[in-house]
Amino acid sequence: MSLFITFEGPDGSGKTTQIELLTAYLRTLGYDVLITREPGGTSIGDQIRDVLHDVKNLEMTDEAECLLYSASRAQLVHEVLRPHLARGGIVLCDRFADSSMAYQGYGRELDLKAIHFITQFATGGLRPHLTVYLDLPAEVGIERKHSAHTAEAGEWNRLDQQTLDFHRRVRQGYLKMAEAEPSRWLVVDATRSITDTQATIRMRLELLLSKAKKVTVK
Ligand code: TYD
């Protein structure tokens, strides 16, 4: 049984912590779990990530940014995601195509249809079974990232430098996508405790696992 689960949310929403906790849990249940992230997750993807996040790359156009995220994604899908899913494993991915819709589409205000088309091309149509969105007001996300940065615990990237309005548009974009496709999305209030958030995610995942098992048995 293969499952592809993605995590979305602003910087500082706790995606990494939730992914680590969920991985440990699923592994104790005996599942073959692979964790990866975007942009990056492959050698080529990590090189693209450096170009994308370098705060010196001020001249990067929005279109180039969009295509670079997609290029990294194409490599990850081909090299990592599809092979693991084909072996019947579970993939937990820190960001995926919905990030491009949210940041480049709603945030940068690039054409949503164009991003959809580019994403299809890059992924060959691979879509998550479940997308967990850790929702946080834009101000709180930025504040959390700031404290992490000053404590040298976080990486400060080009996207973090955007205005509060940009981050608000990104959040509205996520909420809109989640509303349009509730069967794929789980929206969790990320101001809640780590334990509560994890419990909510596990509950939804168990539902998905039991459904997937029934399908496999048939
Ligand atoms: P990262 O340092 O991985 O932070 P985070 O913990 O928030 O995931 O930075 C990823 C950044 O890249 C984040 O600001 C969102 C942005 N991004 C896009 O703009 N478009 C995309 O398609 C992806 C995958 C990420």
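The values are calculated or read from the model by the stated rules, or taken from the named source; none is laboratory data. Values in this document were obtained by computation on a predicted structure and should not be read as measured data. Using ideal geometry, Cβ is built from the backbone for each residue, glycine included, and neighbour counts are taken over all protein chains shown.
Per-structure values
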{"quantity": "Any pair with Cβ under 8 angstrom, 6 or more apart, that starts in segment 52-73 at a residue that is closer than 9 Å to residue 39 by Cβ and ends at one that is more than 12 Å from the ligand (Cβ to nearest atom) and of a type in the set (S, T, N, Q)", "calculated": "72/42"}
{"quantity": "Only one of 68, 34 that is on the phi < 0 side of the Ramachandran plot, among the aliphatic types (A, V, I, L, M) and within 16 Å of the ligand (Cβ to nearest atom)", "calculated": "68"}
{"quantity": "Among the candidates 25, 103, residue that is among the aromatic types (Phe, Trp, Tyr), more than 25 Å from residue 198 (Cβ to Cβ) and at pLDDT 95 or above", "calculated": "103"}
{"quantity": "Within segment 1-22, considering residues that are more than 9 Å from the ligand (Cβ to nearest atom) and at pLDDT below 95, the one farthest from the chain's Cα centre (by Cα)", "calculated": "1"}
{"quantity": "Segment 17-51, subset of a type in the set (A, V, I, L, M, F, W, C) and not in a helix (DSSP H, G or I), residue farthest from residue 103 (Cα to Cα)", "calculated": "29"}
{"quantity": "Qualifying residues in segment 145-180 (those that are among the acidic types (Asp, Glu) and near the ligand (Cβ under 9 Å from one of its atoms)) - the one modelled with the lowest pLDDT", "calculated": "155"}
{"quantity": "So residue 120, is it surrounded by fewer than 18 Cβ atoms within 10 Å (Cβ to Cβ), within 22 Å of residue 65 (Cβ to Cβ) and modelled with pLDDT of 85 or more", "calculated": "yes"}
{"quantity": "Selection within segment 56-96 - closer than 24 Å to residue 168 by Cβ and in contact with a strand residue (DSSP E or B) (Cβ under 8 Å, 6 or more places away or on another chain)", "calculated": "94, 95, 96"}
{"quantity": "Restricting segment 72-92 to residues that are of a type outside the set (Ser, Thr, Tyr), farther than 17 Å from residue 23 by Cα and buried (at least 18 other Cβ atoms within 10 Å of the Cβ), the residue that is nearest to the ligand (Cβ to nearest atom)", "calculated": "73"}
{"quantity": "Matching residues in segment 31-50 - criterion: being over 16 Å from the mean Cα position of the chain (by Cα) and surrounded by 15 or more Cβ atoms within 10 Å (Cβ to Cβ)", "calculated": "31, 33, 44, 48"}
{"quantity": "Verdict on residue 49 being within 13 Å of the ligand (Cβ to nearest atom) and either touching a Ser or Thr at 6+ places or on another chain (Cβ under 8 Å) or of a type in the set (D, E, K, R) (or both)", "calculated": "yes"}
{"quantity": "Selected residue (criterion: nearest to the chain's Cα centre (by Cα)) from residues of segment 93-115 that are away from the ligand (no atom under 13 Å from the Cβ) and of a type outside the set (D, E, K, R)", "calculated": "112"}
{"quantity": "Cβ-Cβ under 7 Å pairs, at least 6 apart or on other chains, segment 1-30 side more than 12 Å from residue 209 (Cβ to Cβ) and touching a residue at least 24 places away in the same chain (Cβ under 8 Å), far side more than 16 Å from the ligand (Cβ to nearest atom) and in a strand (DSSP E or B)", "calculated": "23/33"}
